[in-house]
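S.K.: Pasting in a structure now, in structure tokens, and then I'll have a few things to ask.
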Amino acid sequence: MAIIETKNLTYTYPGGAKPSVRDVSVKIEKGEFVLVTGPSGCGKTTLCRCFNGLIPHFYQGELKGEVTAAGLKVAEQPICELAKHVGLVFQNPENQLFALSVEKDVAFGLENLGVPREEMRKRVDWALKLTGIYDLRERAPHELSGGQQQRAAIASVLAMQPEVIVLDEPTSFLDPLGAKKIFEVIYELNRKLGITTVLVEHRLDLTAKYVDHIIIMEDGKVVLDGEPREILSSKEARLIGVGIPKATRLYQILQKDRVKLGNAVPLSSDEMSALLRGVLKA
Amino acid sequence: MIEVKDVHFTYPNGVEALKGVSLTINNGEFAAIMGENGAGKTTLVKHFNGLLKPTKGSVLVDGVDTRKVSVATLARKVGFVFQNPDTQLFSETVEEEIAFALKNFGFKENIIKRRVTWALNLLGLVQYRKTSPFMLSGGERKRVALASVLAWNPKMLILDEPTIGQDYQQKEKLRQFIMQMKAQRRTIIIVTHDVEFVAECNPRVLLMRGGRMVTDGEARKVLTNPEILTQASVVPPQIAQIFIKLSDLGLPKNVIDVYEAREILLSVLEEQAK
């Protein structure tokens, strides 16, 4: 069953000249790891804001069509109710963290939901440990490095134990190794806890190998929607200007040169080097 | 030319962000500064236009000590685009934002018009001419900030994380623009975590760690050395990873470009077929 579904969703920001999201119908299944990508300004972030009710409740504007999340009709539910089900991690952690200690930041959402004290303590510690920042719990968020802040932002959303977690370019300020580690944490949470994960990201080199489902948007519309290997090897994806992982690109180029590498499209350097090893040994 | 001589810098809160950095960047050079969060990359480049002055040591821009000139004077020569566009944008429309610095520098009205239109075209922002920058997406705001600096065509350009939020096509345009600037003997310095972008540009790479410079060399050499990269919290680009993994088969290690990878693999396969 789909945990998030939009039907003919069209949305225009207040004062916007044209819709930012146009006639979008997508289904996200429970437990899936979904990547949403597309050119800058294509409506990715806007679409994600519809999943937890920030649109239309906070941003207002004009919404047509239907969005359901965790069985709730988004347009009819207040943000505080939706927040229990769909957590959103912002692009810039500084927009999200504000308390005097990491621990208080992580507890904040739970306090607002009126979670009992004992339960709150348990969930905060659990989220801090999962994201690997338990030792930093008494530090001030603004004193932490970008990567630690990004982990704190993820922990504060996880503590709410949402069924869906939406992450909007969660590693854009991180060094490559820091980014890699965050994606590994997110992937683990998805696989171990079965949290449905929606990731907005341009850097497919780092993320394509983790995902079950890719949605590509262009100019407010969904133009490609399906299985990653199929989508990333399609000509359309390249023409839209999606950053195809270089391993996948090399595979495509060599296929054209009639090098026989098999039909399993690689998404990572590990997969591509294994394929090459096959032909180079022979 | 930028000459950095044994620069130390300590922030007022006592954090020592630079611990003795020396380097020279010549006119017409394209350099990428990379390294872990908190390595001192942004602190270093803020010295290049005089936003920060060294606690010890000196920075010379075209022979002039940055301590002896105002930021306003240096700005004309050294353009700086910040990591977060929101620290830079303030005008009511994209057009006004781009025209602002040009007006301050005293350009004539008709030249301002021409340069604004040029910058809007270059960065794919023409349709937003009359839009408020704050109505735009993160990636688009980043391009407005870039346009507002490119418009006055500074001799040296510093871009802090220029590819954040940019899609592949925008990155490709940025790459072509940088190459054009380089051909005009202008200097471009980028601070970036985007290894794939650096792999496509093959600039000089300066790797920083803990307030010091750890490596300085051509991208294809630096980005294919996993030991040094790991120290600086950088991972090799995907093509380099593939060749490193296959190095036991006698393939070269220093490959970062997908088309070069193709040439090498095809010639090896041809050799095998014989």
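Rule-based calculations on the coordinates, nothing more; no lab input. In this text, all values refer to a predicted model and were calculated from it rather than measured experimentally. Cβ: placed from backbone, ideal geometry, glycine included. Neighbour counts: every protein chain shown.
S.K.: D for the stretch B:144-188, whole µm²/s, Stokes-Einstein with Kirkwood Rh over alpha-carbon pairs at 20 °C and 1.002 mPa s: what number?
M.R.: 194
S.K.: Counting other beta carbons within 10 Å of each Cβ, put A:I231, B:I244 in order, fewest first.
M.R.: B:I244, A:I231
S.K.: Within the set of other residues whose C-beta is less than 13 Å from the C-beta of B:K155, count the net charge using Lys and Arg as +1 and Asp and Glu as -1.
M.R.: +3
S.K.: Could you list which residues have their amide H under 5 Å from that of A:I3, counting only those 5 or more apart in sequence or on another chain, with H placed in the peptide plane?
M.R.: Residues meeting the criterion, in which the H sits 1.01 Å from N, are A:I28, A:E29, A:K30.
S.K.: Does anyone have the angle between helix B:94-104 and the longest principal axis of chain B? Alpha-carbon axes, 0 to 90°, nearest 10?
M.R.: The angle comes out at about 70 degrees.
S.K.: Sort A:S268, B:S58 so the one with the fewest other Cβ atoms within 10 Å of its own Cβ comes first.
M.R.: Result, fewest neighbours first: B:S58, A:S268.
S.K.: Would you mind checking the tilt of helix A:176-193 against the longest principal axis of the Cα atoms of chain A, expressed as 0 to 90 degrees and rounded to 10?
M.R.: The angle comes out near 70 degrees.
S.K.: Over chain B, what number does the Rg to Rh ratio reach, with both radii from the alpha-carbon atoms and Rh per Kirkwood?
M.R.: Computed over Cα atoms, the ratio is 1.01.
S.K.: Please list the non-local residues whose amide H lies under 5 Å from the amide H of A:V198, H modeled 1.01 Å from N, same-chain partners needing a gap of 5 or more.
M.R.: Residues meeting the amide H criterion: A:V34, A:I165, A:V166, A:L167.
S.K.: Now for a different question. Cα atoms only, the stretch A:99-161: Rg and Dmax in Å?
M.R.: Expressed in Å, the Cα Rg and Dmax of the stretch A:99-161 come to 10.4, 31.
S.K.: Separate question: Just to be sure I understand: if I project the alpha-carbon convex hull of the stretch B:1-144 onto a plane and average over all orientations, what area do I get in nm²?
M.R.: Average of the hull's projected areas for the stretch B:1-144 equals 10.1 nm².
S.K.: Please give the average number of partner chain Cβ atoms lying within 10 Å of the Cβ of each residue in A:2-9, rounded to a whole number.
M.R.: Taking the mean over all residues of the peptide, I get 0.
S.K.: Let me ask another. Could you state the orientation-averaged shadow area of the convex hull built on the Cα atoms of the stretch A:155-248, in nm² to one decimal?
M.R.: 6.7
S.K.: I've got another one for you. Just add up the charged neighbours of A:L199: K/R +1, D/E -1, any other residue whose Cβ is under 12 Å from the Cβ of A:L199.
M.R.: -3
S.K.: Neighbouring Cβ atoms within 10 Å as the yardstick, rank B:H193, B:H47, A:H213 fewest first.
M.R.: The order, fewest Cβ neighbours first, is A:H213, B:H47, B:H193.
S.K.: The stretch B:87-159: which GluC sites (Glu not before Pro) are DSSP loop and have at most 16 other beta-carbon atoms within 10 angstrom?
M.R.: Passing both the DSSP loop test and the Cβ count: B:E92.
S.K.: For chain A, just list the percent of Cα-Cα distances falling in each 5 Å bin from zero outward, please.
M.R.: 1, 6, 12, 15, 17, 16, 13, 9, 6, 3, 2, 1, 0
S.K.: Would you compute, from DSSP H runs of 4+ residues alone, the mean residue ellipticity of chain A at 222 nm, taking -39500 (n - 2.57) per run and dividing by the full residue count, rounded to the nearest 500?
M.R.: -11000 deg cm²/dmol
S.K.: When you look at the Cβ of every residue in B:235-248, what mean number of other chain Cβ atoms sits within 10 Å?
M.R.: Counting Cβ atoms of other protein chains within 10 Å of each residue's Cβ and averaging gives 5.
S.K.: With Cβ to Cβ distances under 13 Å as the rule, what net charge do the other residues near A:V185 carry (K, R +1; D, E -1)?
M.R.: Result for the local shell: +4.
S.K.: Sort largest first and round to whole Å: the equivalent ellipsoid semi-axes of the protein assembly as shown, each the square root of five times a Cα gyration tensor eigenvalue.
M.R.: Over the Cα atoms of the protein assembly as shown, the semi-axes work out to 36, 31, 26 Å.
S.K.: In addition: Among A:K181/B:K77; A:K180/B:K274; B:K46/B:K182; B:K108/B:K173, which pairs are too far apart, with a Cα-Cα distance over 30 Å?
M.R.: A:K181/B:K77; A:K180/B:K274
S.K.: Would you mind getting the Kirkwood hydrodynamic radius of the stretch B:160-209 from its Cα pairs, rounded to one decimal in Å?
M.R.: 11.5
S.K.: Within the stretch A:1-99, list the chymotrypsin sites (Phe, Trp or Tyr not before Pro) lying in a DSSP loop whose Cβ has at most 11 other Cβ atoms in a 10 Å radius.
M.R.: A:F98
S.K.: Using only helices, what value at 222 nm comes out for chain B when you add -39,500 (n - 2.57) per DSSP H run of length 4 or more and divide by the total residues, to the nearest 500 deg cm²/dmol?
M.R.: Value at 222 nm, helices only: -11500 deg cm²/dmol.
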